[in-house]
Amino acid sequence: MHCLARTAVYWSIGTTGFATLALEIVLLYTFQTLYGYVYSMVGLVIGVFMAGLVLGSLAMNRAIRRAAGRPGAAPPGLRTVFALDMAMVVFAAALVIVLALLRGAAADWTVQIAMFALVAVAGLLGGLVFPLAASVVLEREAGIARAGGGLYAADNIGACLGAILTGVLLVPILGVTGACLVIAAVKALSAVFVGAAAATSPRRAGASARPSA
């Protein structure tokens with residue numbers, strides 16, 4: 001696999017882990033700010049986030065299998081990774097406006113539904129990226145265990161940094177708005193990197209993307 005493309009995929013996975021965990025911390029902080037408590041809801045927030053991850057992974061795996069089963073169809077590749085990076089940029093930037101509106105909302109139930117929906121979307125975006133990245137890396141690279149381990153490590157490292165930096169530095173120093181903008185900037189840089197790799201890499205052929213037995 002082209003070195004630039006492989007590096008871009010790993011970078012996207014790492015920054016996706018960073019962004020999704022950072023966004024979850026931002027939303028937890030916002031929930032606590034709005035209600036004055038968060039402890040009794042942490043389990044539910046994490047559960048909704050994990051459900052989003054599962055749904056995103058299932059949806060992307062289904063899309064990959066469907067494309068692989070159609071002769072001549074190109075499965076999702078680097079250009080889809082780029083699109084998902086940009087979706088995270090838009091989502092993180094839009095949170096600045098959405099969370100400001102929620103702070104002025106009167107009905108508690110409306111705010112809670114919106115907050116859980118935002119958490120689910122963050123998880124969904126993260127869930128979409130991982131199986132897609134695995135598919136791209138494994139297209140021509142030997143060693144499933146090594147590739148999968150590398151992607152998993154990149155995701156965990158990014159998630160760890162996202163949670164620590166957001167909770168310790170970004171939100172306390174920059175506030176929720178500043179944290180959202182930093183997250184958007186991180187994913188924007190990832191999108192530029194992936195976009196450059198996609199522009200210099202050949203499009204994936206349907207035949208080469210079919211999983212081997």
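Below is a table of values for the structure above.
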| item | result |
| --- | --- |
| Among (1) under 23 Å from residue 172 (Cα atoms); (2) in contact (Cβ under 8 Å) with a residue 40 or more places away in the chain; (3) of a type in the set (Gly, Ala, Ser), the one test that residue 51 misses | (1) |
| Flag if residue 53 is modelled with pLDDT of 85 or more, crowded, with 17+ Cβ neighbours inside 10 Å, touching a Lys or Arg at 6+ places or on another chain (Cβ under 9 Å) and closer than 24 Å to residue 139 by Cβ | no |
| Subset tally (residues that are free of Cβ contacts under 8 Å to residues at least 12 places away in the same chain and surrounded by 17 or more Cβ atoms within 10 Å (Cβ to Cβ)) for region 137-146 | 1 |
| Condition met for residue 75 (within 20 Å of the chain's Cα centre (by Cα) and part of a loop (DSSP other than H, G, I, E, B)) | yes |
| Near pairs, Cβ below 9 angstrom, 6+ apart or cross-chain, from region 1-29 (at pLDDT 90 or above) to any residue that is assigned to a helix (DSSP H, G or I) and among the basic types (Lys, Arg) | 12/187; 15/187; 16/187; 18/187; 19/187 |
| Extreme residue, farthest from residue 121 (Cα to Cα), among residues of region 56-75 that are crowded, with 21+ Cβ neighbours inside 10 Å and not hydrophobic (A, V, I, L, M, F, W, C) | 75 |
| Set 96, 89, 81: member being at pLDDT 90 or above, farther than 23 Å from residue 198 by Cα and either in contact with a helix residue (DSSP H, G or I) (Cβ under 8 Å, 6 or more places away or on another chain) or part of a helix (DSSP H, G or I) (or both) | 96 |
| Residue list for region 147-181, restricted to those being among the aliphatic types (A, V, I, L, M) and either in contact (Cβ under 8 Å) with a residue 60 or more places away in the chain or not in a helix (DSSP H, G or I) (or both) | 151, 154, 157, 159, 161, 163, 165, 170, 171, 176, 179, 181 |
| Selected residue [of a type outside the set (A, V, I, L, M, F, W, C), modelled with pLDDT of 90 or more and either part of a helix (DSSP H, G or I) or farther than 18 Å from residue 28 by Cβ (or both)] from 62, 66, 70 | 62 |
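The values are calculated or read from the model by the stated rules, or taken from the named source; none is laboratory data. This is a predicted model, so every value here is computed, not measured. When we count neighbours, we look across all protein chains shown, and the Cβ atoms used for this are built from the backbone with ideal geometry, even at glycine.
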